[in-house]
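Student: The following block contains the structure, expressed as structure tokens.
The values are calculated or read from the model by the stated rules, or taken from the named source; none is laboratory data. Treat the numbers as computed from the prediction; the structure is a model and nothing was measured. Using ideal geometry, Cβ is built from the backbone for each residue, glycine included, and neighbour counts are taken over all protein chains shown. The protein model used for the area step is the full one, side chains on, heavy atoms only, and it has no ligands, DNA or RNA in it. Shrake-Rupley method; radii C 1.70, N 1.55, O 1.52, S 1.80 Å.
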Amino acid sequence: MTEQTGRRRGGRTLAGRSLIGLFAGLLIFVLTGGPGRAQAPMQSFGDMPARPRINPDVDPYPFDPFLSLRIYLRQRLPAGWWARDPVYDAGAFTVVVNIPENWRGNPTSAMLQLCPQPTSALWQGINLIELKPFFHKSPWPSVTCRK
């Protein structure tokens with residue numbers, strides 16, 4: 001068959017090859033989750049500028065203080081440091097921060113550096129954060145962060 005009529009060449013038509021490539025690309029796109037797969041978790045749309053308040057019962061992405069606090073600390077903790085999950089008790093979120101043995105310095109003053117700025121979006125649903133350093137197998141005095 002000839003190439004001019006769009007018929008078979010090498011066992012497949014040219015249009016058939018294009019469709020196979022299109023379907024293969026679409027299959028890869030669907031299996032990998034599309035473009036939003038590796039993005040950070042979305043928080044509330046209700047606090048965006050020029051946006052009306054959204055009813056919390058209807059908001060598709062409500063503010064999650066536990067998740068927000070975990071993400072905040074994960075971004076700001078130095079290498080080798082790690083924080084336990086936040087605990088909410090008596091109106092405050094308490095987080096124990098584990099500091100490696102080979103670190104040198106004052107753990108309590110290091111906690112002051114971790115307090116969010118007053119303009120941070122973290123204060124949207126959190127009023128008080130208590131950071132408790134755990135260093136050399138013992139707890140140290142905690143730091144209280146406020147707006």
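Student: Just read off the accessible area of Trp81 with the full protein assembly in place, 1.4 Å probe, to the nearest 10 Å².
Tutor: Ignoring ligands and nucleic acids, Trp81 comes out at about 30 Å².
Student: Let me ask something additional. To the nearest 0.05, how large is the calculated FRET efficiency for Thr144 and Arg76 if R₀ is 22 Å and r is the Cβ-Cβ distance?
Tutor: My answer for the efficiency is 0.80.
Student: Rounded if a/c is under 1.5, else prolate if a/b beats b/c, else oblate: with a ≥ b ≥ c from the C-alpha gyration tensor eigenvalues square-rooted, which is the stretch 58-132?
Tutor: prolate
Student: Quick check: residue separation of Asn98 and Asp57 times 0.36 nm, minus the Cα distance between them. What number comes out in nm?
Tutor: Separation in residues times 0.36 nm, less the Cα-Cα distance, equals 11.1 nm.
Student: Can you give me the Cα centroid spacing of the stretch 95-135 and the stretch 61-84 in angstrom?
Tutor: Cα centroid of the stretch 95-135 versus Cα centroid of the stretch 61-84: 10 Å apart.
Student: Tell me the accessible surface of Phe66 in square angstrom (1.4 angstrom probe, heavy atoms of protein chains only), to the nearest ten.
Tutor: Estimated to the nearest 10 Å², Phe66 gives 70 Å².
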